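What follows is one structure encoded as structure tokens, with my remarks underneath.
The values are calculated or read from the model by the stated rules, or taken from the named source; none is laboratory data. In this text the structure is predicted, and so the values were computed from the model without any measurement. In this analysis, Cβ positions are derived from the backbone assuming ideal geometry, glycine residues included, and neighbour counts consider all displayed protein chains. For accessibility, only protein heavy atoms count, side chains too; no ligands or nucleic acids. Shrake-Rupley method; radii C 1.70, N 1.55, O 1.52, S 1.80 Å.
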Amino acid sequence: MDLLIKNVRAVTPDRAEPVVADIAVAGGRIVEIGPDLTPADDTRVVDGGGRLAFPGVVDAHQHWGIYNPLATDAAIESRACAQGGVTTGITYMRTGQYYLNKGGEYADFFPEVLSTTEGEAYVDYAFHLAPMMSRHIEEIPDLVGEHGVTSFKVFMFYGSHGLHGRSADQNSFLMIPEGERYDYAHFEFVMRGVQKAREQFPDIADEISLSLHCETAEIMAAYTKLVEDAGELTGLEAYHASRPPHSEGLAISIASYLAHETGLPTINLLHLTSRKAVDAALRMAQAFPHINFRREVTVGHLLADIHTASGLGAKVNPPIRPREDVEALWEYLIDGKIDWVVSDHACCKDEMKFGDDRDDVFVAKSGFGGAEYLLAGMVTEGTKRGVPLGRIAELISKNPAERFGLRTKGALAVGYDADIALVDDNRPWTVRAESSESAQEYTPFEGFDMTAKVTDTFLRGHQIFGDDAILGEPTGQYLARPVVRG
């Protein structure tokens, strides 16, 4: 026994409420959970003081290296993860503008990603990759077999839209070969490629999946022009109107039919933001019951609305919505219709986020950080709404770990990695960007009042956060999936 965390209320997905227990750790794994465990003479003992012990958060949707150098984000934004109880971050990566700002094959691109992040992160990490051109589809089996990448992504709105708005030159933005198009046909072929990989690797087929950012470029382009020409709306309200919820619903419907056509059953619908989006996702699940859909929402869309978010820093794709959509997401979550909650963490520093006109939402860049508020926000708002703590652990740890092949993560159980977040659920505090470990100088949650705070974070039994500070040197590891228990 290397570590004994005593006197905690252990939160597990299989129980609605926590149980008082001690947690024993040896060799980076949990070896025993129970009351009144006795340490050996050389065991480090941590008094949990009756705090909640959650399995380390598996934040399945992050973006390292999108606005800052990849190594910088791996080093600094992983500190924000540790601060928030996130012990595993799965970050989206693609070729093209932003990220490494280069095109080409993943055979050359991905080893550079791995070498750039090695030794930098304070938390464990993995990557979802986006096949942007036809050659990438051919590379999927090698990415699975050689690098342990089992999850892939399609950005549906990139068909004729840039990251922040209209895009006049798709091939230049995405850095794909002349003569190729990133369109519905490409999305279909990506699905066929992922399904082919599932057939090639039958033992892990259920852990090989495709995630989709579901918005419709043509709807967004038309509505952006309507909003700008009318000149009646500003700020987050204007951005919400320019990317309306039915744009999500239409894209979800198209993606779902393509999944049906291609026979790909493992589909993840990312960051659903509205009643219309989730309604469309549920309708598609009824229409295609053989598709094993998963539905994701972000903590940002659960906490903030267009009026409560702190300024244009909350610009994100899909947009922050009005309060009625926030309440709809909570209704679906409580009803069991949402599978996991993520941060969609994408650090965009002030100088990058805002253009010359800080009041123009269409000039501002999209995305913001938030991993440091994921667990605290879910406990604060979830318990207020009667969501059982075990359900919160399921949403932020167990479900994403199972879907994405992280078999040693996501649970407080014997044999699992000793990834543990201690939470004081009676610690009121107010969100201030200046207190964050992230390099981002603002937050959309500025001034939000929380009732729960992460006090300690352990990664494989090593304490990486405590006393409001990051501890030790980076020990995060790249996770080639599936990650199995020895």
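Some points to look at:
- P(r), alpha carbons of the chain - 10 Å bins starting at zero, rounded %: 4, 21, 32, 27, 12, 3, 0, 0
- Length-normalised contact order for region 248-379 - Cα pairs under 8 Å, 6+ apart - percent: 24 percent
- Per-residue surface analysis assigns Asp203 an accessible area of about 150 Å², computed on protein heavy atoms at 1.4 Å probe radius.
- Karplus (6.51, -1.76, 1.60) ³J(HN,Hα), θ = phi - 60°, over region 34-48, in Hz, Gly and Pro reported as x: x, x, 6, 6, 9, x, 6, 4, 9, 7, 6, 10, 10, 7, x
- For region 288-327 versus region 177-220, the gap between their alpha-carbon centres in whole angstrom: 23 Å
- Accessible surface of Asp108 - all protein chains present, 1.4 Å probe, nearest 10 Å²: 110 Å²
- Computed from phi, the 3J(HN,Hα) profile of region 324-332 under the Karplus parametrisation 6.51, -1.76, 1.60 (θ = phi - 60°) reads 5, 6, 4, 5, 5, 4, 5, 4, 5 Hz, with x in place of Gly and Pro.
- FRET efficiency, Phe189 to Val484 (Cβ-Cβ, R0 30 Å, nearest 0.05): 0.45
- Inter-label distance, nm, simple model (7 Å from Cα along the C-beta direction), Leu282/Glu324: 1.6 nm
- Euclidean distance between Cα centres, region 93-148 to region 360-389, Å: 27 Å
- Cα centroid separation, region 425-486 to region 12-64 (Å): 16 Å
- Computed from the Cβ-Cβ distance with R0 of 22 Å, the FRET efficiency linking Val414 to Asn7 stands at 0.70.
- Taking amide H as placed 1.01 Å from N in the peptide plane, Ser310 has its amide H under 5 Å from the amide H of Phe445, Glu446, each at least 5 places away in sequence or on another chain.
- Percent antiparallel among DSSP beta bridges (both partners in the chain, rounded to 5): 45 percent
- Each residue, Glu112 and Ala16, gets one label point 7 Å from its Cα in the Cβ direction; the gap between the two is 5.3 nm.
- Taking every DSSP bridge with both residues inside region 327-462, close to 100 percent are antiparallel.
- Averaged over residues, the count of other Cβ atoms within 10 Å places the peptides 76-88, 403-415 in the sequence 76-88, 403-415, highest first.
- With all protein chains in place and ligands, DNA and RNA left out, the 1.4 Å accessible area ranks Thr43, Thr383 as Thr383, Thr43, largest first.
- Over region 79-143, the pair-distance histogram of Cα-Cα distances with 5 Å bins from zero comes to 4, 15, 25, 23, 15, 11, 6, 1 percent, rounded to whole numbers.
- Sequence-distant residues sharing a close amide H with Tyr92 (under 5 Å, placed H): Gln62, His63, Trp64, His128
- Exposure ranking of His307, His136 by accessible area [1.4 Å probe, largest first]: His307, His136
- Portion, in percent, of the accessible area of the chain that falls on carbon or sulfur, probe 1.4 Å: 48 percent
- Solvent-accessible surface (1.4 angstrom probe) belonging to Ser134, in square angstrom, nearest 10: 50 Å²
- A 1.4 Å probe over all protein chains sorts His186, His246 by accessible area into His246, His186, starting with the largest.
- Backbone HN-Hα couplings from phi across region 127-136 [Karplus 6.51/-1.76/1.60, Hz, Gly and Pro as x]: 10, 9, 10, 10, x, 9, 9, 4, 4, 4
- For region 253-364, the Cβ-based charge dipole about the Cα centre amounts to some 340 debye (Lys, Arg positive; Asp, Glu negative; other atoms uncharged).
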